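Here's the structure we're looking at; comments come further down.
The values are calculated or read from the model by the stated rules, or taken from the named source; none is laboratory data. Remember, predicted model here, so these are calculated numbers, not experimental data. We place every Cβ from the backbone using ideal geometry, glycine too, and count neighbours over all the protein chains shown. Ligands, DNA and RNA are stripped out before the accessible areas are found, and what is left, the full protein with its side chains, is counted by its heavy atoms. Shrake-Rupley method; radii C 1.70, N 1.55, O 1.52, S 1.80 Å.
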Amino acid sequence: MQVYLDLCEVKNWTNVTIHPCEELGVFFLTGQSSDASPTEAVLPLNSTTELSVEKIQEYLSNTELLGTESTGLLLAITDSDSTINYYKVTGGLVPPESPEEMEEKKSRRRQKFQQRKPKFVRVDQLEEYVQKLHQTGHS
Amino acid sequence: MIRISVIHDKPFIWNAEDASALREDHRIVGTLVGCLARAPRQNTQLGLPLQLLPEEATLLVEKGIAMLVNDSKPAQIPSNQQVMEFQEMRKQSFSEQKELYRKEKQEVVKQRFEEIKKGKMSKRRKLLEKRRVEGEDIADCEFEKDIEINVDDIEISEPTEDAFMVQIFTENPWKREDDLEVGWNFPSTDQETLRYRVFKDLWEKGHFLTTGGKFGGDFLVYPGDPYRYHSFFIAVCIPYQKKMCALDIVAMGRLGSNVKKTVLLCSVNEKDELTYTSLRWTGIG
C-alpha cells in the first residue's frame with residue numbers, strides 16, 4: 001500500500017495497477033514514471049523479507065508474464081520508518097550507465113522538476129490560477 | 001610453458017616476461033606483492049613476484065598455459081661449482097662495466113676538450129706567475145704558449161669495484177630440477193567450486209577479473225585491461241537457495257551505486273546453469 005501511494009502521489013506515476021500473484025504470495029504493481037516512459041513492474045517487499053537468488057529469478061520470470069515494456073523488475077523495499085528504496089534487478093549482465101547517460105538523466109529530471117504543477121496556491125492568486133486552468137482546458 | 005611457483009599453497013610468478021605475457025595474451029592480471037628494488041621504502045607501487053588467485057592458477061593449468069611447480073622447500077646451499085660460476089659472472093660483469101665507463105668518460109672529455117684545455121692553460125699561467133714572483137726570469141711569450149695536448153692524453157680515473165652495479169635477480173637464475181608434486185586442491189569446497197565456475201565463465205566471455213575485496217564482492221569484472229578501464233561489475237557469488245534479508249540487497253545495491261558499478265549476483269541453478277542477476281539502484285522510482 002505504501003508503495004502504491006508513493007508511486008502515485010510522490011513520484012507521480014501514471015497507470016498504476018495492482019496484479020496479485022497467488023502462487024508466490026505477493027502483489028506486483030505496474031505503471032509508468034511518465035507518459036513517455038515504458039511501463040515497468042514493481043514488487044513491494046519488506047526489509048525483513050527473506051530472499052534468495054532463486055526467489056529473485058522466480059519473481060523475474062513472473063514479471064515477464066505481466067507484459068511490461070521494460071525488462072527487469074523494480075524491487076521496492078520498505079522499512080519500518082516508511083522509507084522506500086527502489087532497486088532494479090535484471091537477468092544477465094547489465095553494465096552500469098555510462099557518464100553520458102547519467103548526464104542526460106540528470107537534465108531530464110531537472111526539466112521535469114521545473115515543469116511540475118504547483119500543489120498549493122495562495123488565496124490571493126486563486127482567481128488567476130482558476131482562470132489559467134480554464135484556459136488550458138482542465139476542470 | 002609458464003612456471004607457476006607454488007609456495008605454501010600460494011601461486012607466484014617470478015619471471016617478468018611470463019607476468020607480461022599472462023596479462024597481455026591471457027587476460028590474467030594477478031597482484032604484484034614484492035618490494036620494488038629501485039624504490040624500496042614505499043608500497044604504492046610494488047614489484048615482482050606476481051601473486052595469482054587460486055582461480056587464476058587453476059584456470060591456467062586447465063587451459064594448458066602454465067604448470068604448477070612446488071617451490072615450498074627452502075633454497076639449497078650452493079655447490080662449489082656454482083660459487084665459482086657466480087664469481088666468474090661477477091668479474092665479467094665488472095670488466096664489461098669498466099669498459100663502458102671508460103668509453104662514456106672519453107665521450108665527455110671529447111665534448112668538453114676546449115674547456116679542459118683552457119683550464120690547464122690557466123693553471124700553467126698561475127704557476128709561471130708564482131715562479132716569476134719568486135724571482136725567476138720568465139719571458140712573456142711563455143705565458144701565451146699553447147699547450148700541446150691530445151684528447152687521449154687526458155687521464156680517466158678507473159672506478160673501484162664498489163662503484164659497479166650488481167644485478168639482483170627476482171627469479172632464481174640457476175637451472176634446477178622442477179618438483180612437480182604440488183598437491184593442488186583448489187577448488188574443494190562448494191563456495192570455492194562456485195567461485196571457480198563464475199570466474200571461468202566470465203573469463204571465457206572475454207573479461208578481465210581481479211579480486212573484489214575492495215568493494216565487498218568476490219571479483220571485479222572489467223571490460224578491458226584494469227589499467228585503462230574502471231570495472232563495470234562487482235561479482236558476488238551466492239548459492240542459489242541461500243536466504244538473504246532484503247536489507248542485504250539494499251546494502252549491496254547501495255554499495256554498487258555509490259561507485260557506479262552494477263552488482264552481479266552469480267549463482268548456479270538447479271539445472272546446473274550459471275545465472276547472473278544484475279542489481280542497480282534507481283534514484284527515483
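Yes/no matrix, rows are residues, columns are (1) within 13 Å of another protein chain (Cβ to nearest Cβ); (2) modelled with pLDDT under 80:
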site: A:Asn15; (1), (2): no, yes
site: A:Glu23; (1), (2): no, yes
site: A:Ser37; (1), (2): yes, yes
site: A:Val42; (1), (2): yes, no
site: A:Ile56; (1), (2): yes, no
site: A:Leu66; (1), (2): no, yes
site: A:Glu69; (1), (2): no, yes
Answer from B:Asp272, B:Asp218 - the residue that is open to solvent by less than 40 Å² (accessible area, probe 1.4 Å) and more than 7 Å from chain A (Cβ to nearest Cβ): B:Asp218
Taking B:Phe233 and the conditions (1) open to solvent by 70 Å² or more (accessible area, probe 1.4 Å); (2) within 27 Å of the chain's Cα centre (by Cα); (3) facing chain A (nearest Cβ under 8 Å), which numbered condition does it fall short on, given that it satisfies the others? (1)
Mind checking which pairs have a first residue in the range B:108-130 that is in contact (Cβ under 8 Å) with a residue 24 or more places away in the chain and a second that is of a type outside the set (S, T, N, Q), Cβ under 6 Å, 6 or more apart or different chains? B:Val109/B:Ile154; B:Lys110/B:Val151; B:Phe113/B:Val151; B:Lys120/B:Ile147; B:Met121/B:Ile147
In the range B:237-285, residue modelled with the highest pLDDT [restricted to those that are in a loop (DSSP other than H, G, I, E, B) and under 29 Å from A:Glu9 (Cβ atoms)]: B:Thr282
Would you be able to tell me the number of residues in the range A:75-104 that are more than 7 Å from chain B (Cβ to nearest Cβ) and either on the phi < 0 side of the Ramachandran plot or without any contact (Cβ under 8 Å) to a residue 40 or more places away in the chain (or both)? 15
Taking the stated definitions as given, is A:Thr83 open to solvent by 20 Å² or more (accessible area, probe 1.4 Å), closer than 18 Å to B:Arg254 by Cα and at pLDDT 75 or above? yes
Could you please tell me which pairs satisfy a Cβ distance under 9 Å, a separation of 6+ or placement on different chains, a first residue in the range B:268-283 that is within 19 Å of A:Ser98 (Cα to Cα) and basic (Lys, Arg), and a second residue that is assigned to a loop (DSSP other than H, G, I, E, B) and modelled with pLDDT under 90? B:Arg280/A:Gly72; B:Arg280/A:Val94; B:Arg280/A:Pro96; B:Arg280/A:Glu97
Qualifying positions in the range B:6-27 - open to solvent by less than 30 Å² (accessible area, probe 1.4 Å) and in contact (Cβ under 8 Å) with a residue 60 or more places away in the chain: B:Val6
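Looking at this structure, is A:Phe113 more than 14 Å from chain B (Cβ to nearest Cβ) and either assigned to a strand (DSSP E or B) or open to solvent by 100 Å² or more (accessible area, probe 1.4 Å) (or both)?
Taking the combined requirement at face value, the residue does not satisfy it.
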Residues in the range B:248-264 that are surrounded by fewer than 18 Cβ atoms within 10 Å (Cβ to Cβ), farther than 18 Å from A:Leu73 by Cβ and either facing chain A (nearest Cβ under 7 Å) or touching a Leu at 6+ places or on another chain (Cβ under 9 Å) (or both): how many? 1
Please verify whether the range B:30-42 includes one or more residues that are more than 16 Å from the chain's Cα centre (by Cα), open to solvent by 40 Å² or more (accessible area, probe 1.4 Å) and not aliphatic (A, V, I, L, M). no
Give the range A:21-41 a look and list any residue that's open to solvent by 40 Å² or more (accessible area, probe 1.4 Å), among the hydrophobic types (A, V, I, L, M, F, W, C) and either in contact (Cβ under 8 Å) with a residue 24 or more places away in the chain or closer than 15 Å to A:Lys11 by Cα (or both), or say none. A:Ala36
Considering every residue within the range A:89-105, establish whether at least one is in a strand (DSSP E or B), of a type in the set (Ser, Thr, Tyr) and open to solvent by less than 70 Å² (accessible area, probe 1.4 Å). yes
Scan the range B:167-190 and report the pairs whose first residue is closer than 17 Å to B:Val6 by Cα and open to solvent by 100 Å² or more (accessible area, probe 1.4 Å) and whose second residue is of a type in the set (A, V, I, L, M) and modelled with pLDDT of 80 or more, with Cβ atoms within less than 7 Å and a gap of 6+ or a chain change. B:Leu180/B:Val69
